[in-house]
Amino acid sequence: MIKIISITALAIAVSSCASINTLLDNTDTTGAMTKTATSINAEKGLVTLQSNHSVQATADKLVSVIESKGMKVFARVDHQKNAQSVDLSLRPTQVVMFGNPKAGTPLMNCEQTVAIDLPQKILISEDAGNQVWLSYNNPDYLKTRHNIKGCDTEIANISKALDAISTAAVK
């Protein structure tokens, strides 16, 4: 009898977790993100914004905004083009890597391991429903990941900059 009660309790707990995951999950059955303007996926540490443009146009606009703010674009990776070069297919997917030593260096001085996540990267991708999304690492996630202490101003400044350039790129 105790085994049956234990198994039943476990089954209820697992199904409850599954229900909560269904509510929290922001993807539909096709693997596409649901249509929200902005979401912060805490589990993945990503901030995601819906774009009004194609991947190419969003990435072009992002690069322009980054450069206009005095930051340096280190690389732009076109994953779709790279996939095509080896006869594979991939929906439009680009990553822009950029940074500014004035922002990154103080953060690395707080906790040097954060350098593995720098320079900053922004992903622009098209989902199965042809919707374009812009995503980047949430600076608060990096703070937690690297156990950064005493650098709240630096984290806030980076958050503000990422929000501003990302918002400008998707509008």
All positions within the stretch 120-134 that are crowded, with 18+ Cβ neighbours inside 10 Å and free of Cβ contacts under 8 Å to residues at least 60 places away in the same chain: 120, 123
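Could you please let me know if residue 64 is at pLDDT 95 or above, outside any helix (DSSP H, G or I) and open to solvent by 40 Å² or more (accessible area, probe 1.4 Å)?
Spelling it out, it is not the case that residue 64 is at pLDDT 95 or above, outside any helix (DSSP H, G or I) and open to solvent by 40 Å² or more (accessible area, probe 1.4 Å).
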Selection within the stretch 83-96 - in contact (Cβ under 8 Å) with a residue 12 or more places away in the chain and open to solvent by less than 50 Å² (accessible area, probe 1.4 Å): 92, 93, 94, 95, 96
The stretch 117-171 - residue that is small (Gly, Ala, Ser) and assigned to a strand (DSSP E or B) and, of those, farthest from residue 59 (Cα to Cα): 135
Every pair of residues 6+ apart whose Cβ atoms lie under 6 Å, when the first sits in the stretch 53-82 and is without any contact (Cβ under 8 Å) to a residue 60 or more places away in the chain while the second is surrounded by fewer than 15 Cβ atoms within 10 Å (Cβ to Cβ) and not β-branched (Val, Ile, Thr): 79/90; 80/90
Condition met for residue 139 (without any contact (Cβ under 8 Å) to a residue 60 or more places away in the chain and open to solvent by 40 Å² or more (accessible area, probe 1.4 Å)): no
Residue count, the stretch 142-159 (criterion: surrounded by fewer than 18 Cβ atoms within 10 Å (Cβ to Cβ), without any contact (Cβ under 8 Å) to a residue 60 or more places away in the chain and among the charged types (D, E, K, R)): 2
Qualifying residue in the stretch 23-35 (condition: at pLDDT 50 or above and surrounded by 14 or more Cβ atoms within 10 Å (Cβ to Cβ)): no
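The values are calculated or read from the model by the stated rules, or taken from the named source; none is laboratory data. Predicted model, so just to flag it, every value in this text is computed and none were measured. FYI the Cβ positions are ideal-geometry reconstructions off the backbone, even for glycines, and counts take in every protein chain you see. We work out accessible area using only protein heavy atoms, side chains counted, and drop any ligands, DNA or RNA first. Shrake-Rupley method; radii C 1.70, N 1.55, O 1.52, S 1.80 Å.
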